[in-house]
1. Note the direction-averaged projected area, equal to a quarter of the hull surface, for the Cα convex hull of segment 38-160, in nm².
2. Under 17 Å from the Cα of Lys28, which aspartates and glutamates turn up, not counting those fewer than eight places away in the same chain?
3. Under 18 Å Cα-Cα from Lys186, which lysines qualify once same-chain neighbours fewer than 8 residues away are excluded?
4. Using the per-residue mean of other Cβ atoms lying within 10 Å as a proxy for protection, in what order, highest first, do the peptides 59-71, 80-92 fall?
5. Among Val61, Leu103, Cys136, flag the residue with its Cα farthest along the positive direction of the charge dipole of segment 30-139, charges on Cβ as +1 for Lys/Arg and -1 for Asp/Glu.
6. Let me spell out the model: positive unit charges on the Cβ of Lys and Arg, negative unit charges on the Cβ of Asp and Glu, origin at the Cα centre of segment 30-115. What dipole size does that give, in debye rounded to 20?
7. Which whole-number percent of Cα pairs in segment 88-131 have a distance greater than 14 Å?
8. What does the extension gain come out to for Asn62 and Asp142, with contour length at 0.36 nm per residue minus their alpha carbon separation?
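Just so it is clear, none of the values below were taken in a lab; they were calculated from the coordinates. Small disclaimer: the values here were computed from a predicted structure and weren't measured. Reconstructed Cβ throughout: ideal geometry from the backbone, glycine too, with neighbour counts over all protein chains shown.
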Amino acid sequence: MLMYSWMVWVEYAPERYDWSVKLLTGGKIDRIKTEIANRVRPGDRVLDIGCGTGSLGVKCVNKGATVTGMDISESMLKECRKTIAKNDCADRFTIIKDSVTDLPKYFEPESLDAIVSTMVVGELSREYLDYIFRDCRTILKDGGRIMIADEVWPENRALRALYRVVMAIMWVPQFAILRRACFPIKDLRGVIEAAGFSIEETKRLPMSSFQLIVGRK
């Protein structure tokens, strides 16, 4: 939760977002994004939900994909445009400023090969996640994959108990700073399965609260 809260806080200074998160996670977030991009195939049409500064999208472009990044934050998209220009990939990386709840407005059914996202779904309620992942399944082609990485609850009972204590202590200062509460996801795999995806891979990074889920339609 502390990691997630910090990541949300640095969104208010998007020009420092990438290096702040890299420092905070000890480079783990970069490793996760590389792992996701390594699963993208040349020619894939990819949607990056909550694309932020565009770092994951560029990694996917470098694997031969065509990427659409979606984010609601104009300040983050401003940095994303800089990333696209720096990597000279405007012909393969386009952006949409809108909420993730409006996916069907922009994508036809069965039009995407892959949907990717990192550190986004934890900001949404279970109700919204159910709705969004069902939409994701609709716009993915048969055999298309969804690859989601986020902060999740510890699997170990003792660590879960410790996590609850930390959350209780941090709730008030967290809300005072961020004006919202940030919680890790209790069952990321279950949420994705409930939307009708078959889980191909579940990977938790060592010494980390990050989990990567790969599902297939």
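1. Values: hull surface 33.5 nm².
Mean projected area of the Cα convex hull: 8.4 nm².
2. Asp18, Asp150, Glu151
3. Lys203
4. On the way: 59-71: 21.2, 80-92: 15.5.
The densest-packed peptide leads the list: 59-71, 80-92.
5. Val61
6. Details: 14 positive and 14 negative charges, 70 e Å.
Charge dipole of segment 30-115: 340 debye, to the nearest 20.
7. Numbers: 627 of 946 pairs.
Every Cα pair in segment 88-131 considered, those over 14 Å come to 66 percent.
8. Values: separation 80, 0.36 × 80 = 28.80 nm, distance 2.40 nm.
Extending this stretch completely gives an extra 26.4 nm.
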